[in-house]
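What follows is one structure encoded as structure tokens, with my remarks underneath.
No value in this document is a laboratory result; all are computed from the given coordinates. Quantities reported herein were computed from a predicted structural model and do not represent experimental measurements. Here Cβ is always computed from backbone atoms with ideal geometry, including for glycine, and neighbour counts include all displayed protein chains.
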Amino acid sequence: MRTLTLVTTILALVALPVKAGQPTRTGRFSHDQLVRYAEKYGTPLYVYDGDLIEMKFHRFRSAFAAAYPKVKIYYALKANTNLSIVALLRKAGAAAECISLGEIRIALGLGFPGQDILFTSSSKSPDELAFAVENGVTVNLDSMGDLENLIAVVERLQKKVPISFRINPDVDPKTHRHIATGHKFSKFGILIAHDEFIAAYRRALQCPWLEIKGIQSHIGSQIMQLEPFIRNVELVSLAVRRLKKELGIELEFIDLGGGLGIPYQDGVAPLTPRTVAAEVGRRLKTELADLGYLPTLVLEPGRYFVGDSGILVARVNSVKHTPYRHFINVNTGFNHLIRPLLYEAYHRVRVLNGTGKLGLFDLAGNICETGDILAQDRLLPTPRPGDYVAFLDAGAYGASMASPYNSFFMPAEVLVRHGRDSLIRSRQTMDDLTRNQILLDELR
Ligand SMILES: Cc1ncc(COP(=O)(O)O)c(C=O)c1O
């Protein structure tokens, strides 16, 4: 018996250098649990922690509610449009920030009333505008052209519509260039510095069908510093004061957009909602002190609510060694998680059940593109074919950006709430892949 114990101890010590430093948990999931989900539902698989989403929503809302008297929180559906996740956030108390007819219809279908939906695309079609007007959705206008299109629609429908304008304050959000939206070269919003925004509100005042409700400014995404948020507050407040002074307009809401980042790498300190809320609330109250009225503060985060709740679990197909690189070939790729390719984004990776020797690996996707590398130079235990790997913090702009490129099936999605796992999107099938395609008779 003693010999056996000794042998076990020696074996454990030998295995230690490999195991040491390798986490056995990811967020609230144990790696065994994630492996069980992978075997139950197949891979690639998005797994979401519903309790975490809810907790983050409440944390965010209470931080802002403590810092400013009137607050309304929207969820930016684009971050993750799965019905169950949007519904979970609606139940928690979120309103819906939407970018397309599809997102508006998802929100309406889930029971969001029109007055809790904000439509913010920078390029809206007449059909989309008409649908928004018919359903009492607030239209957030992006340009003079957008405004004229809406005026044409409401004059035709003879129907009132609540509106706001998205302004561009020209603020550097200190984030990746593809997700910096509020600088003067971006396609978004009406430039504040050129007074075009005053002209836009003036023009809106002339149309009796438009009810001016607010102002909006979303400067970018994955923002990890306080200063750009504060600069946005200052510039939007200036605009709000000018609207009152020059046009006599009192707004119901000031929408400062989303953009709060999450730490994707170990050792990066988060910017907490409490820190942002305290400073934004304080500054807003100071900036608006002489305004004579108090607008509601609106925020519309996406990533903060869902980003770190989601994990993409994939299966290892093979491990490939060349004289130059070592690759772990997985059964997913940028078709399911495009952030590394699109934003040079970093996602932490775990080998969920591998115990092999540690090595420096690139995680290579199965898409036929050189750029399909999901992670580079990661120190990981060498997996065996059939082992599972997890890409962390994939809940935002992961599944919602997935595509059927190379005719791979879109991944299944699972939501875990109160310890119970439920399928919230089934894996695509061959029929799904070819649905809507028409094979011409003459080519059969
Ligand atoms: C207009 C608008 N609002 C809100 C968001 C949500 O941003 P985030 O997910 O960074 O909070 C976005 C994202 O790009 C956006 O474009």
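At 0.890 mPa s and 25 °C, plugging the Kirkwood radius over alpha-carbon pairs of the stretch 120-299 into Stokes-Einstein gives what diffusion coefficient in µm²/s?
Roughly 145 µm²/s, to the nearest whole number.
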Size of electric dipole in the chain: Cβ of Lys, Arg +1 and of Asp, Glu -1, about Cα centre, debye, nearest 20
1260
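How big is D for the stretch 290-366, in µm² s⁻¹ as a whole number, if Stokes-Einstein is applied with the Kirkwood radius of its Cα pairs at 4 °C and 1.567 mPa s?
Working: Rh = 15.8 Å.
Rounded to a whole number, D works out at 82 µm²/s.
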Once amide hydrogens are built 1.01 Å from N within the peptide plane, the residues lying 5 or more places from Thr26 or on another chain with amide H under 5 Å from its amide H are His31
Whole-number D in µm²/s for the stretch 158-216 (Stokes-Einstein; Kirkwood sum over Cα pairs; 20 °C, 1.002 mPa s):
170
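At 27 Å minimum axial length over the Cα atoms and a Kyte-Doolittle cut of -1.0, report the qualifying DSSP H helices in the chain, or say none.
Helices passing the filter in the chain: 226-247.
For the chain, what is the calculated [θ] at 222 nm in deg cm²/dmol (nearest 500), taking -39500 (n - 2.57) for each run of four or more DSSP H residues and dividing by its residue count? Show your work: numbers first, answer last.
On the way: 13 runs with 150 residues, N = 444.
Result for the chain, helices only: -10500 deg cm²/dmol.
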Which pairs in the list Lys70/Lys174; Lys56/Lys159; Lys40/Lys124; Lys159/Lys184; Lys187/Lys245 are over 30 Å apart, alpha-carbon to alpha-carbon?
Lys56/Lys159; Lys40/Lys124; Lys159/Lys184
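Show me the chymotrypsin sites (Phe, Trp or Tyr not before Pro) within the stretch 252-299 that DSSP assigns to loop and that have at most 15 other Cβ atoms within 10 Å of their Cβ.
Values: sites: Phe253, Tyr264, Tyr293; in loops: Tyr264, Tyr293.
Loop-located and lightly packed - Tyr293.
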Please list, in chain and number order, the residues 5+ apart from Asp393 or on another chain whose amide H is under 5 Å from its amide H, with Hs placed from the backbone.
Gly310
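Convex hull over the alpha-carbon atoms of the chain: what's its volume per residue in Å³? Intermediate results must be reported in sequence, preceding the final value.
Working: hull volume 81.2 nm³, N = 444.
Residue-normalised Cα hull volume stands at 183 Å³.
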The answer for Ala345, listing residues at least 5 apart or on another chain whose modeled amide H is closer than 5 Å to its amide H, is none
Which FRET efficiency, nearest 0.05, do Tyr346 and Arg242 yield, Cβ-Cβ r, R0 51 Å?
0.80
